[in-house]
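Trainee: Quick one: structure below, then a few questions.
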Amino acid sequence: MSELQPTKTILRLHLPTDPRWVNVAEKNIEDILVDHAYCEQKAATSAISLIVKYPDKTRLVEEMTDLVAEEWSHFERVLEQLKKRGYGLGRNRPDEYVVELAKHIRKGNKRERQLMDHLLVNALIEARSCERFKLLWKNIADEELQKFYYELMVSEAGHYVSFVKLAKEYMPAEEVDARLNELLEIEANIIKNLEPRPDRMH
Ligand SMILES: [Fe+2]
Ligand SMILES: [Fe+2]
């Protein structure tokens, strides 16, 4: 398997995940898979919300339509992994990380600015998920899950890039880069202040 290092080359996350997370995550793989399934469901739901909120943005509608299909197929793949191991879907849990990050989507009457913030927050969720998938790929013993997380890591890295590019369709590139830098800092602080949880993907 080729060594793809998306977290170093493109993701630009300011703070790496506490390396202890993956050890506890592996011991709680049922919880991790359940939480992961809901992350994929939320990614699909969020893409649908963007379509409903910005039907006039043709490029966004097209890209989000493709994304819904892709995230839904990820959801199905996680369900399959749960089933293979004799686990059910389990209950949805609050995602404190996403809730904190979403507080930084600025409201008000500047529609394009709000869209940019929304796309960049989604980009960061993709980036952090990708980083966690990489840790799982590299560290867990289950070979099937290694391959699974490798494939999803590559996919979510692509989504991160697409969200940032899409933001630049609707706002000047310099403004997007500046806001991305601010949000990267905010995201790192959120991660710093959140206790790494053994039963959560974030
Ligand atoms: Fe996904
Ligand atoms: Fe994604």
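Trainee: What size of dipole, in debye to the nearest 20, comes out for the chain about its Cα centre when the only charges are +1 on Lys and Arg C-beta atoms and -1 on Asp and Glu C-beta atoms?
Mentor: Working: 31 positive and 36 negative charges, 84 e Å.
Rounded to the nearest 20 debye, it is 400 debye.
Trainee: Compute the separation of the alpha-carbon centres of the stretch 122-170 and the stretch 175-196 and state it in Å as a whole number.
Mentor: Computed from Cα coordinates, the inter-centre distance equals 17 Å.
Trainee: Applying 1/(1 + (r/R0)^6) with R0 = 22 Å to the Cβ-Cβ distance of residue 114 and residue 62, what FRET efficiency is obtained, to the nearest 0.05? Please list the in-between numbers first.
Mentor: Numbers: r = 20 Å, r/R0 = 0.92.
Efficiency, from the Cβ-Cβ distance: 0.65.
Trainee: Now for a separate question. On a full-extension model of 0.36 nm per residue, what is the gain between residue 139 and residue 52, subtracting their alpha-carbon distance, rounded to one decimal in nm? Let's see the in-between values first.
Mentor: Values: separation 87, 0.36 × 87 = 31.32 nm, distance 3.92 nm.
Extending this stretch completely gives an extra 27.4 nm.
Trainee: Further question: Roughly how many debye, to the nearest 20, is the charge dipole of the stretch 129-202 about its Cα centre, given +1 on each Lys and Arg Cβ, -1 on each Asp and Glu Cβ, and no other charges? Please list the in-between numbers first.
Mentor: Working: 10 positive and 15 negative charges, 24 e Å.
It works out to roughly 120 debye.
Trainee: Now for a separate question. Could you list which residues have their amide H under 5 Å from that of residue 171, counting only those 5 or more apart in sequence or on another chain, with H placed in the peptide plane?
Mentor: Here nothing satisfies the definition.
Trainee: Related question: Against the 2.2 N^0.38 Å scaling, with N counting residues, where does the stretch 1-158 land? I'd like the Cα-based Rg ratio to two decimal places.
Mentor: Details: Rg = 16.2 Å, N = 158, 2.2 N^0.38 = 15.1 Å.
Ratio of Cα Rg to 2.2 N^0.38 Å: 1.08.
Trainee: Quick one: if you stick a label point 7 Å off each Cα along the C-beta vector at residue 195 and residue 85, how many nm between them?
Mentor: My value for the distance between the label points is 2.2 nm.
Trainee: Just how far, in whole angstrom, is the stretch 9-31 from the stretch 36-60 if you go by their alpha carbon centroids?
Mentor: 25
Trainee: Along the stretch 138-151, what does the Karplus equation 6.51 cos²θ - 1.76 cosθ + 1.60 (θ = phi - 60°) give for ³J(HN,Hα), rounded to whole Hz, x for Gly and Pro?
Mentor: Per-residue couplings from phi come out as 7, 10, 8, 7, 5, 5, 5, 5, 4, 5, 4, 6, 4, 4 Hz.
Trainee: Which whole-number percent of Cα pairs in the stretch 151-202 have a distance greater than 18 Å?
Mentor: 51
Trainee: May I pose another question? Apply the Karplus curve 6.51 cos²θ - 1.76 cosθ + 1.60, θ = phi - 60°, to the phi angles in the stretch 59-66 and return the couplings in whole Hz, x for Gly and Pro.
Mentor: 4, 4, 4, 5, 5, 5, 4, 5
Trainee: Give the carbon-plus-sulfur fraction of the accessible surface of the stretch 123-191 in %, rounded to a whole number; probe 1.4 Å, heavy atoms of protein chains only. Please list the in-between numbers first.
Mentor: Values: 1300 of 2550 Å².
Carbon and sulfur together cover 51 percent of it.
Trainee: Right, another one. Go through the stretch 97-102 residue by residue and turn each phi into a ³J(HN,Hα) via Karplus (6.51, -1.76, 1.60, θ = phi - 60°); whole Hz please, and just put x for glycine and proline.
Mentor: Whole-Hz 3J(HN,Hα) from phi for the stretch 97-102: 4, 5, 4, 4, 5, 5.
Trainee: What is the spin-label model distance, in nm, from residue 30 to residue 185 if the labels are put 7 Å beyond Cα along the C-beta direction?
Mentor: With each label placed 7 Å out from Cα toward Cβ, I get 4.4 nm.
Trainee: Okay, next question. What accessible surface, in Å², does a 1.4 Å probe find on residue 98, ignoring ligands, DNA and RNA and rounding to the nearest 10?
Mentor: 40
Trainee: Helix 173-193 sits at what angle to the longest principal axis of the chain, using alpha carbons and giving 0 to 90 degrees rounded to 10?
Mentor: Roughly 40 degrees between the two axes.
The values are calculated or read from the model by the stated rules, or taken from the named source; none is laboratory data. None of these values were measured; they are calculated from a predicted model. Here Cβ is always computed from backbone atoms with ideal geometry, including for glycine, and neighbour counts include all displayed protein chains. Remember, those area values only see protein heavy atoms, side chains included, never the ligands or the DNA or RNA. Shrake-Rupley method; radii C 1.70, N 1.55, O 1.52, S 1.80 Å.
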